[in-house]
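One structure is given below, encoded as structure tokens.
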Amino acid sequence: MNERTQAFDDAVAQSAARIRASGRQPRIAVLLGSGWHEFSAAVRDTVSMRYADLPAFPVLGIAGHAGTLVLGRCGAHEVAVLAGRKHAYETGDAQAMKGAIATLAACGVQVLVQTNAGGSLEPSMRSGALMLLTDHLNITQRSPLQGDTGSERFVDLRDAYDPSLRRQAHAAAQRRGVTLHEGVYAWVLGPQFETPAEIRMLQRLGAQAVGMSTVPETILARRFGLRVLALSLITNMGCGLHDEALSHAHTLASAQAAGARAVPLLHAIVEALEV
Ligand code: HPA
């Protein structure tokens, strides 16, 4: 084993030991993206840890992303909520969340529920809409598994977004009377938004939404044996499909406005998951 692998394994083991020492045994992890952060407040009976105290977790760069792991309850489930993700566009490193996902797996987490903010490529899916990911397009062609050795790195991504969990999410949305779209999510590196020509390209490639996250964590989760469910909160139409100007502030403002509908749905979905 080389030194880098040993250091990674040690950091994961230490992080998992800290989580286990809390006495909690989460089986579901929920990774919060823009617009979804109020979910932490809906979790009961919580113990919080800072990413900074978990050596396998990333150091976060974006203001407003807390970098906190919240262990608690959502209905009958014990959950681990990751408030804050490090994006590949910050440093070019697609492995930023690798240690965190490996730690969750080491603690016995079986399901990763991901959330994000995304742009719509579908005229019928407007700002404020919610979309369940059925599949993804890795436009960046970067892999969080680069440098890994062993056969586990050749991850099968068929049904990367678990069909059974997707059915359960649709059923929970239907019970609440919330429209849940579904579609393919295209991961672009960012941080710049797309050009109108790129948006037309992504539409032709068969994507319904575009965003700058989620896919590396899905690949990592599948690598470490977790099932994945992922939800996009649509904050804008893709560049050129509507005459709005895009900015990070616009994404955050739309995400916050729609979060009031998204967060209760997320709670209902997580509560109803059969793990
Ligand atoms: N493009 C990429 N990422 C995004 C967008 C977008 O239009 N909206 C929110 N995240």
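The relative contact order of the chain, computed from alpha carbon pairs under 8 Å that lie at least 6 residues apart in sequence, is 26 percent. Model label points for Arg44 and Leu157, set 7 angstrom from Cα along the Cα-to-Cβ axis, are 3.9 nm apart. Remark: C-alpha extents of the range 149-226 on the principal axes read 46, 36, 21 Å, sorted largest to smallest. Residues whose amide H falls under 5 Å from that of Ile139, counting only those 5 or more places apart or on a different chain, are Trp187, with hydrogens built in the peptide plane. DSSP finds beta bridges in the chain, and of those with both partners inside it, around 35 percent are antiparallel.
Close amide H partners of Thr134, meaning residues 5 or more places away or on another chain with modelled amide H under 5 Å apart, are Gly183, Val184, Tyr185. Placing a pseudo-label 7 Å from each Cα along the Cα-to-Cβ vector at Val275 and Arg18 gives an inter-label distance of 2.0 nm. For the range 182-197, putting each phi into the Karplus relation 6.51 cos²θ - 1.76 cosθ + 1.60 with θ = phi - 60° gives couplings of 9, x, 8, 9, 9, 8, 10, 6, x, x, 5, 6, 7, 8, x, 5 Hz, in residue order, rounded to whole numbers and with x for Gly and Pro.
For Thr115, the residues whose modelled amide H falls within less than 5 Å of its own, excluding neighbours fewer than 5 places apart on the same chain, are Leu31, Gly33, Leu231.
Site pair Ala7 and Ser247 shows an inter-label distance of 3.9 nm when each label is modelled 7 Å from Cα along Cα→Cβ. Let me test this: with uniform point scatterers at the alpha carbons of the chain, what is the Debye-based log₁₀ I(q)/I(0) at q = 0.10, 0.13, 0.15 1/Å? Each listed q maps to, in turn, -0.47, -0.81, -1.11. Each residue of the range 242-248 is assigned a 3J(HN,Hα), and the resulting list reads 8, 8, 6, 8, 9, 7, 5 Hz, derived from the Karplus form 6.51 cos²θ - 1.76 cosθ + 1.60 (θ = phi - 60°), x at Gly and Pro.
FYI, it's all coordinate maths here, none of it is from the lab. Remember, predicted model here, so these are calculated numbers, not experimental data. Positions of Cβ are generated from backbone atoms using ideal geometry, with glycine treated the same way; all protein chains shown enter the neighbour counts.
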